[in-house]
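Let me begin by presenting the structure, written as structure tokens, before commenting on it.
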Amino acid sequence: MTGGRYADNRHLVSFDMTTSGARRGSRLTTSPDILAHLVLERGTSTPLHQQIYEGLRRAILSGALRPEQRVPSTRILAIELGVSRLPVLAAYDQLLHEGYLNGRRGSGTFVSAALPDDLLRSVRGAPRATRTSKARKKAPPARDDGGHRPFRASVPALDHFPHALWSRIVARHARTMSGAHMSYGDPAGLGTLRVAIAEHLRTARAVQCEAEQVLIVSGSQAAVRLCASVLLTHGDRVAIEEPGYPGARIAMQSNGTALVPVPVDDEGINVDALKRLSARVRAVYVTPSHQFPLGVSMTVARRLALLDWAERHDAWVIEDDYDSEFRYVSHPLGALQGMNAQGRVVYVGTFSKALFPALRVGYLVVPPSLWTAFMEAREAFDVFPSTLYQLALETFLREGHYTRHLRRMRQVYAARREALVAGVREHCGDLLTIHNGDAGLHVATVLREGIDDVAVVRRMAERGMTATALSTCYIGAVKRSGLLLGFGGWDTVQIAGATKELGEVLREFAGGV
């Protein structure tokens with residue numbers, strides 16, 4: 001493979017991080033400065049995306065990658081690493097969330113200029129690891145907590161997951177898998193699982209669908225990427241919420257699509273602003289039931305206006321329904337897709353938030369007119385999804401365990417949300433204002449004017465916490481400073497302690513504002 005070399009079970013890869021080295025079609029070259037940061041351990045328990053994330057983060061902090069320096073595209077890096085694009089996309093997504101990288105429309109992805117010089121100097125002052133095999137053996141292992149630190153958004157209550165039940169179901173299917181289930185599967189996914197998902201969506205989310213429209217993928221990020229590959233071509237314009245989900249930005253831009261930010265207010269995406277766009281927009285990506293990151297729900301009037309716009313402009317709506325099973329001020333809202341009789345909506349869902357992220361099972365509900373195109377793209381993507389977890393999930397759904405689990409989790413999350421709200425009010429005073437926490441697994445907050453949310457997130461990381469900086473969710477120059485605080489993965493005692501520590505961090509920044 002060009003630019004790479006193998007040693008033992010490690011795949012060592014490095015690349016020239018200059019702008020010229022990242023140009024389309026250019027050959028990437030070896031750079032000793034960052035080689036030690038890009039060691040992928042095959043066959044370990046640490047996921048590839050986490051290893052890539054840690055390697056690039058170390059390269060940034062050590063100064064091997066400098067502020068404002070362009071990083072390779074996800075396509076080029078995936079080729080050089082010899083992996084699929086998904087782990088690279090996931091790693092870039094996390095680095096964008098934490099403020100280490102920022103994306104520029106039409107230009108690429110760059111190391112953030114906001115990294116503090118003193119932090120970089122302190123890391124650069126440390127002895128640099130040698131490239132010997134002995135040094136690599138002594139290097140500290142990649143962080144294996146899966147990013148499970150307060151207040152990471154979208155982490156579910158893993159401590160309440162029915163491990164024993166799930167283990168029995170998985171073991172049962174592992175022991176009895178037929179030859180057909182152990183061979184190549186249907187690119188669309190296991191037929192019985194698609195039936196179970198369609199039944200659940202019709203009942204719980206008011207989605208209009210049949211099993212023949214359900215397409216199984218490895219999570220919602222893969223689903224959005226698949227939408228981009230089918231619905232959009234190089235140079236097409238896609239409208240996206242402003243602020244919006246950074247992972248969707250990465251997925252949409254992967255094939256040269258131009259992003260058009262459309263503002264979000266208390267009623268959801270501003271459809272009037274969408275209508276005023278002069279150039280044609282091919283598709284729009286929305287999170288109508290629980291807008292990411294601000295948490296608002298799109299009103300019925302806005303939903304109808306958006307569907308009307310899509311029909312009049314021969315455009316597609318990509319609805320990401322990532323965690324709307326959990327609402328705390330009302331019953332779960334019906335899906336936008338269920339209001340659309342013209343078949344203009346591609347619906348995206350996932351089990352990562354309701355069950356556990358490592359399950360890696362998501363799905364799309366595809367309009368019949370697009371089914372053939374999606375199937376061809378799905379098969380080219382990774383042939384077919386893993387069968388064992390599909391079998392276990394189908395049983396989990398069919399036997400009613402999923403519905404019971406959701407019911408229990410709503411009570412758990414309601415208590416954890418209240419603990420977070422109370423902790424923020426008690427310990428963070430007027431430095432942090434709650435913007436919205438009506439649904440989902442995170443609360444959107446706004447920082448006092450003058451406090452840099454990216455710097456706050458970096459300081460939180462030094463103290464064993466994490467968060468998403470609200471400013472990283474914007475494309476344009478006008479940004480709000482705030483934090484997305486996840487509460488799903490920690491009990492009320494842990495949340496109370498973490499909010500107290502967050503208050504201490506914020507007071508460090510309060511003196512200058």
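The values are calculated or read from the model by the stated rules, or taken from the named source; none is laboratory data. Predicted model, so just to flag it, every value in this text is computed and none were measured. As a convention, Cβ positions derive from the backbone with ideal geometry for all residues, glycine included, and neighbour counts pool all protein chains shown. Note: accessible area is taken over every heavy atom of the protein model, side chains too, but ligands, DNA and RNA are not part of it. Shrake-Rupley method; radii C 1.70, N 1.55, O 1.52, S 1.80 Å.
What's the number of the condition Glu319 fails, among (1) charged (D, E, K, R); (2) open to solvent by 30 Å² or more (accessible area, probe 1.4 Å); (3) within 18 Å of Val214 (Cα to Cα)?
So the condition that Glu319 fails would be (2).
Just a yes or no: is a residue in the range 306-315 hydrophobic (A, V, I, L, M, F, W, C), surrounded by fewer than 20 Cβ atoms within 10 Å (Cβ to Cβ) and more than 15 Å from Asp272 (Cβ to Cβ)?
no
Please report, ordered by residue number, the helices (runs of 4 or more DSSP H) entirely within the range 12-102 with at least 1 residues that are at pLDDT 80 or above and open to solvent by 10 Å² or more (accessible area, probe 1.4 Å).
48-62, 74-81, 85-98
Within the range 402-419, can you find the residues that are crowded, with 16+ Cβ neighbours inside 10 Å and more than 20 Å from Leu215 (Cβ to Cβ)? First the steps, then the outcome.
We begin by selecting, within the range 402-419, every residue crowded, with 16+ Cβ neighbours inside 10 Å; these are 402, 405-406, 409, 412-413, 416-417, 419.
Matches in the range 402-419: His405, Leu406, Met409, Val412, Tyr413, Arg416, Arg417, Ala419.
Residues being in contact with a Phe, Trp or Tyr (Cβ under 9 Å, 6 or more places away or on another chain) and either open to solvent by 30 Å² or more (accessible area, probe 1.4 Å) or within 16 Å of Tyr184 (Cβ to Cβ) (or both): count how many of those fall in the range 366-386.
Going through the range 366-386 one residue at a time, the tally reaches 3.
How many residues are in a loop (DSSP other than H, G, I, E, B), open to solvent by less than 60 Å² (accessible area, probe 1.4 Å) and in contact (Cβ under 8 Å) with a residue 60 or more places away in the chain if we restrict to the range 464-490?
Result for the range 464-490: 11.
In the range 492-501, which residues are touching a helix residue (DSSP H, G or I) at 6+ places or on another chain (Cβ under 7 Å) and open to solvent by 10 Å² or more (accessible area, probe 1.4 Å)?
Scanning the range 492-501 gives Thr492, Ala496, Lys500.
Output yes when any residue across the range 274-294 is in contact with a strand residue (DSSP E or B) (Cβ under 8 Å, 6 or more places away or on another chain), over 21 Å from Ile475 (Cα atoms) and buried (at least 23 other Cβ atoms within 10 Å of the Cβ), and no when none is.
Within the range 274-294, one or more residues are in contact with a strand residue (DSSP E or B) (Cβ under 8 Å, 6 or more places away or on another chain), over 21 Å from Ile475 (Cα atoms) and buried (at least 23 other Cβ atoms within 10 Å of the Cβ).
Can you tell me which of Thr433, Thr387, Thr395, Thr372 is without any contact (Cβ under 8 Å) to a residue 40 or more places away in the chain and farther than 30 Å from Tyr474 by Cα?
Numbers: Thr433 fails: farther than 30 Å from Tyr474 by Cα; Thr387 fails: without any contact (Cβ under 8 Å) to a residue 40 or more places away in the chain; Thr395 fails: without any contact (Cβ under 8 Å) to a residue 40 or more places away in the chain.
Going through Thr433, Thr387, Thr395, Thr372 in turn, the sole match is Thr372.
Here is a yes/no grid of residues against (1) of a type in the set (Ser, Thr, Tyr); (2) over 26 Å from the mean Cα position of the chain (by Cα):
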residue	(1), (2)
His173	no, yes
Ala180	no, yes
Ala188	no, no
Ile197	no, no
Leu201	no, no
Glu210	no, yes
Ser220	yes, no
Arg225	no, no
Arg237	no, no
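For the range 437-463, which positions are at pLDDT 90 or above, under 26 Å from Met409 (Cα atoms) and either open to solvent by 40 Å² or more (accessible area, probe 1.4 Å) or part of a loop (DSSP other than H, G, I, E, B) (or both)?
Matches in the range 437-463: Leu441 only.
Could you tell me whether the range 342-365 includes any residue that is open to solvent by 10 Å² or more (accessible area, probe 1.4 Å) and farther than 27 Å from Leu190 by Cβ?
yes
Among the candidates Val329, Val264, single out the residue that is of a type outside the set (S, T, N, Q) and at pLDDT 95 or above.
The conditions single out Val264.
Out of curiosity, is Val230 touching a residue at least 12 places away in the same chain (Cβ under 8 Å), touching a Phe, Trp or Tyr at 6+ places or on another chain (Cβ under 8 Å), of a type outside the set (Ser, Thr, Tyr) and not in a loop (DSSP other than H, G, I, E, B)? Show your work before the answer.
Values: touching a residue at least 12 places away in the same chain (Cβ under 8 Å): yes; touching a Phe, Trp or Tyr at 6+ places or on another chain (Cβ under 8 Å): yes; of a type outside the set (Ser, Thr, Tyr): yes; not in a loop (DSSP other than H, G, I, E, B): yes.
When the stated conditions are applied, Val230 passes them.
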